[in-house]
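**Student:** The structure is given below, and queries will be raised subsequently.
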Amino acid sequence: MDEDVERILLDEQAIRERISELAAEIDRDYEGEAPLLVGVLKGAVMVVADLARAITLDVDMDWMAVSSYGSGTKSSGVVRILKDLSADITDRHVLIVEDIIDSGLTLSWLRTNLRSRGPKSVEICTLLRKPEAVKVDIDVKYVGFDIPNEFVIGYGLDYAEKYRNLPYVGILKPSVYAD
Ligand code: 5GP
């Protein structure tokens, strides 16, 4: 796997440190509450696992799987739920946890969907944000890293279901998806 990586963008230590900082912010912002972390499968699995362990509040975890129709490395904003939450989120503080925001279309749809279910609040936490996402009007409360417009893999992120278990975030060699 490593041989397909052009360069490491964020190593394990950088990710660990930033996740602790985000967890400290979440601890502070939700003091006295028990937020529900909603991880978006499959990419956010590592982020949720590490973030949940760094948060000191009581948190619940739940998962959604959505597929945004698109081809190759771009999404279209047309979203289908593959797996819905098992929890009722009425009157809950919900924190959506994502691996990466690119166009923001998937998350914008997801937030609207969750808001319609009567929660107390819905906020977003993403480990990575690409430049496109800064342009769209989506309010993301917690951002781990702003990264360049490159296709990244590792730490949950895949290309064709591969590379999710790399412990770092790396830039995939374009030759891997060109052929
Ligand atoms: P958006 O709707 O924000 O454009 O798309 C977000 C989704 O596209 C992410 O959840 C992820 O599945 C995928 N995605 C966007 N950029 C990347 C990237 O650089 N690497 C990987 N592996 N997936 C990406």
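Read the figures in this text as sums done on the coordinates, not as results from a lab. Quick caveat: nothing in here was measured; it's all calculated off a predicted structure. Glycine also receives a Cβ, built like all others from the backbone with ideal geometry; neighbour counts cover every protein chain displayed.
**Student:** Calculate how many DSSP beta bridges within the chain are antiparallel, expressed in % of all such bridges and rounded to the nearest 5.
**Tutor:** If we restrict to bridges inside the chain, about 35 percent are antiparallel.
**Student:** Restricted to Cα positions, what overall size does segment 1-113 have along the principal axes? Three whole-Å values, descending.
**Tutor:** 44, 35, 20
**Student:** What's the local net charge at K141, with K and R +1, D and E -1, over the other residues with C-beta under 13 Å away?
**Tutor:** Every neighbour counted, the sum reads -2.
**Student:** Residues in segment 1-26 near a label at S175, defined as backbone nitrogen under 11 Å from the 7 Å Cα→Cβ point?
**Tutor:** Counting only backbone N, you get 4-6.
**Student:** Quickly estimate the mean residue ellipticity at 222 nm for the chain, helices only: each DSSP H run with n ≥ 4 gives -39500 (n - 2.57), and the total goes over all residues, rounded to 500.
**Tutor:** -8000 deg cm²/dmol
**Student:** Stick to the Cα atoms of segment 68-179, pair each with every other, and give me the Kirkwood hydrodynamic radius in Å at one decimal.
**Tutor:** 15.2 Å
**Student:** Quick one: which residues, 5+ away or cross-chain, put their amide H under 5 Å from the amide H of Y163? H built at 1.01 Å from N.
**Tutor:** Close amide H contacts, sequence-distant or interchain: none at all.
**Student:** Ok, one more. Note down the magnitude of the dipole of the chain about its Cα centre, charges +1 on Lys and Arg C-beta and -1 on Asp and Glu C-beta and zero elsewhere, to the nearest 20 debye.
**Tutor:** Using only the charged Cβ atoms, the result is roughly 540 debye.
**Student:** Testing the spin-label approximation: label points 7 Å from Cα along Cα→Cβ at V136 and R53. State their distance in nm.
**Tutor:** 3.2 nm
**Student:** How much FRET efficiency would the formula 1/(1 + (r/R0)^6) give for V78 and K120, where r is the Cβ-Cβ distance and R0 is 30 Å, rounded to 0.05?
**Tutor:** 0.55
**Student:** Same structure again: Tell me, what is the FRET efficiency for D27 and D158 to the nearest 0.05, using R0 = 35 angstrom and their Cβ-Cβ distance as r?
**Tutor:** 0.70
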